[in-house]
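Structure, as structure tokens:
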Amino acid sequence: MAGNSARLLAARVATALAGVASLPVVYGSIGARSYGVWALLTGLIAIVSLADLGLGSVQIREVARAVGGGRQRQVCAVLGLGVVWGAVLSALALAGTAICWPWLARVFQLGELSAPARGAALFLLVGFLLDSLALPWRSVLEGTQRYGPVAWVVAGTAVLGAGLAAAVVTLGGGLVELAASVVVSSALRALMFVCLARRYAAGLTPSLRDIRPSDVAYVASYGSRVQVAGAAAAVNSETDRLVLAGFHSPSAVAGFDLGSRLVGLLRLPSGVILTAAFPSAAAAADDEPGRLDRLYIDLTRYLTAFAAVAATVLVVSADPLVRMWLGRPLPAAAVTIMVLAPGCAASVIAGAAAMVTRAEGRPGCETRGTVLAAVLNLLLTIPLLRLLGPWGVPLATSLAACVSTVYFFAHFHSISRRPVAPLLRALWPPVFAAVTAGTLACLVTFRLAPGTDRADAAVAVACRGGLTVLVAATLLALLGFFGASDLTRLRMALAGLTPHRGAVSVRKRSNT
């Protein structure tokens, strides 16, 4: 898990850095309005991608359970269903976009950008089709824990895509050319996933002939609950762009999108760790519930420490962080960061519990929490929008995420009959340390007048963020958060990243 997490983290960091480097170029070249339309289109594609019937989780879970277990027919059938639904969903999305485009252009006030936005949307849907068709082969690699190849493919195509996007806009390209660059990277990524899966797990390939009614029923039962959770998550993560475009203009989407992308970096380490841990959790769910419980509490403890401190750093350094990144102030982006960061941190903290519910085959528990967040978000968005203006939209999202996370933890521990005390012991020290450190950092550094250029902004970020991390780490040490087991795990993780030949041979003999 340590090795897989490190590989995936390296890929996610490379992807994030590529985006961080290319987005200011894109924003500066095409302008705020065109960038707002681009963010709106990519948000629409993200919403469509969530309508996957939960097949992503189903396929990875089945591949992980089948390793050494003789369930090859069921796995191939589930993978085949993934190919079928990916093709059907993409065809429906392409047809729906072509038919409904005049209405969409009016609702989102696209104006003179309607024609190029339509071409860009259709290109993006072609890229989505390629990614959907490649998903079963990627699931084979992840289910067999071949995360090294997955990391290389993801990082390489992300860097390629970012470079193509920057080159396209620098040469005078617009929305259509940007979308075409996405298709190129998607095609390369799909081809590489298929080739790698056939190399490492040739027997696990999608099969339409092996599909039986029982397979469809299983996917419908398990996947539908994941699907509802995904649809609710779309309300919380993607519809803010649609609301801002509909009630204000595409230009209002630009500041929100840039700020939300920085906040989204909070999900990088947690997403990597939970992705690497999911196959192990699925394998342990049936036979080793005690190990699964320990994994859940340990992951929640570490994720809380990271998310609470990182979110506080984003809040206290939001404005200079934006100026350091874009080279100019953008108040809408800074406010978005300060408002969204706490809600994003709450979602990250609940990630380990959500992973356990899926591993145990009970994703309905997660669904309840995400549906509650979606309902609260919808109920709060319009009143807060009218009361506070554009930044009331991300505030509704953040409040909904915090409330639903509390409910999800309570419901999860209730239905699984797990004690709450270990969870509380994992949560309160990092949250207390982060809030205290952020408050002190604000009191100390906000009196310092920040400069106007990137260098001054970088100094401000270093001072505010560094002080927050230092105080938080000191408080965690005083509270006894770091123990001998943490140092042992760190040494084991570092050793696991660089195994020597003797260790590999001993491990192979032990497995045999």
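Restricting LEU372, LEU295, LEU299 to residues that are of a type in the set (A, V, I, L, M), out of contact with any strand residue (DSSP E or B) (no Cβ under 8 Å at 6 or more places or on another chain) and under 25 Å from VAL435 (Cα atoms) narrows the list to LEU299. The residues of the range 203-223 that are part of a helix (DSSP H, G or I) and either open to solvent by less than 50 Å² (accessible area, probe 1.4 Å) or at pLDDT 85 or above (or both), listed by number, are ASP215, VAL219, TYR222, GLY223.
For the range 110-125, give me each residue that is within 27 Å of PHE193 (Cβ to Cβ) and open to solvent by 60 Å² or more (accessible area, probe 1.4 Å). Scanning the range 110-125 gives a single hit, PHE123. Given the structure, is LEU113 of a type outside the set (D, E, K, R), modelled with pLDDT of 90 or more and part of a helix (DSSP H, G or I)? Here the answer is no, as LEU113 does not meet what is asked. LEU89 fulfils the conditions (1) crowded, with 22+ Cβ neighbours inside 10 Å; (2) closer than 30 Å to ALA277 by Cβ except for a single criterion, (1).
Restricting attention to the range 182-202, the residues that are open to solvent by 40 Å² or more (accessible area, probe 1.4 Å) and either in contact with a strand residue (DSSP E or B) (Cβ under 6 Å, 6 or more places away or on another chain) or assigned to a loop (DSSP other than H, G, I, E, B) (or both) total 1. When the range 51-61 is limited to residues that are buried (at least 19 other Cβ atoms within 10 Å of the Cβ) and of a type outside the set (S, T, N, Q), the one that is farthest from VAL107 (Cα to Cα) turns out to be ARG61. Those helices (runs of 4 or more DSSP H) of the range 454-512 in which at least 1 residues are within 23 Å of ASP298 (Cβ to Cβ), open to solvent by 60 Å² or more (accessible area, probe 1.4 Å) and at pLDDT below 65, considering only elements entirely within it, cover 484-497, 501-511.
For the range 313-331, filtered to residues that are crowded, with 21+ Cβ neighbours inside 10 Å and of a type in the set (Gly, Ala, Ser), the residue that is farthest from GLN59 (Cα to Cα) is SER317. Residue pairs whose Cβ atoms lie under 7 Å apart, separated by 6 or more positions or on different chains, with the first residue in the range 1-25 and touching a residue at least 60 places away in the same chain (Cβ under 8 Å) and the second not in a helix (DSSP H, G or I), are ASN4/GLN145; ALA16/LEU265; PRO24/GLY327. Between VAL153, VAL169, the distinction of being open to solvent by less than 20 Å² (accessible area, probe 1.4 Å) and farther than 17 Å from PHE128 by Cα belongs to VAL169 only. Please enumerate the residues belonging to the range 370-394 that are open to solvent by 50 Å² or more (accessible area, probe 1.4 Å) and β-branched (Val, Ile, Thr). Selection gives VAL371, VAL375, ILE382.
Figure legend. Inter-residue proximity from the range 359-381: first residues in contact (Cβ under 8 Å) with a residue 40 or more places away in the chain, second residues open to solvent by 50 Å² or more (accessible area, probe 1.4 Å) and outside any helix (DSSP H, G or I), beta-carbon distance below 7 Å, spacing 6+ or different chains. No pairs are indicated. Of the numbered criteria (1) at pLDDT below 85; (2) out of contact with any Gly (no Cβ under 6 Å at 6 or more places or on another chain); (3) open to solvent by less than 50 Å² (accessible area, probe 1.4 Å); (4) of a type in the set (Gly, Ala, Ser), the one ALA64 fails is (2).
Residues being of a type in the set (Ser, Thr, Tyr), surrounded by fewer than 20 Cβ atoms within 10 Å (Cβ to Cβ), part of a helix (DSSP H, G or I) and within 19 Å of the chain's Cα centre (by Cα) are represented in the range 39-46 by at least one member.
With the structure loaded, tell me whether PHE432 is in contact (Cβ under 8 Å) with a residue 12 or more places away in the chain, open to solvent by less than 30 Å² (accessible area, probe 1.4 Å) and among the aromatic types (Phe, Trp, Tyr) or whether it fails that test. In short, no. Of these, THR397, THR357, THR405, THR367, which one is of a type outside the set (Gly, Ala, Ser), open to solvent by less than 30 Å² (accessible area, probe 1.4 Å) and within 27 Å of HIS248 (Cβ to Cβ)? The conditions single out THR397.
Checked against (1) among the aliphatic types (A, V, I, L, M); (2) modelled with pLDDT under 85; (3) closer than 27 Å to SER221 by Cα, VAL107 passes all but a single condition, namely (3).
Among the residues here, THR300 qualifies as open to solvent by less than 40 Å² (accessible area, probe 1.4 Å), under 23 Å from PHE481 (Cβ atoms) and not acidic (Asp, Glu). If I go through the range 248-288 residue by residue, how many of them are within 19 Å of GLY43 (Cα to Cα) and charged (D, E, K, R)? The qualifying residues number 3.
Annotation note: of VAL75, VAL107, the sole residue that is farther than 30 Å from SER251 by Cα and either open to solvent by 50 Å² or more (accessible area, probe 1.4 Å) or over 25 Å from the mean Cα position of the chain (by Cα) (or both) is VAL75.
Going by what's in this entry, would ARG267 be described as open to solvent by 40 Å² or more (accessible area, probe 1.4 Å), more than 27 Å from ARG323 (Cβ to Cβ) and of a type in the set (Lys, Arg)? No; evaluated as a whole, the condition is false for this residue.
The values are calculated or read from the model by the stated rules, or taken from the named source; none is laboratory data. Predicted model, so just to flag it, every value in this text is computed and none were measured. Please note: Cβ atoms are built from the backbone with ideal geometry, for glycine as well, and neighbour counts cover all protein chains shown. Note: areas computed on protein heavy atoms with side chains; ligands, DNA, RNA excluded. Shrake-Rupley method; radii C 1.70, N 1.55, O 1.52, S 1.80 Å.
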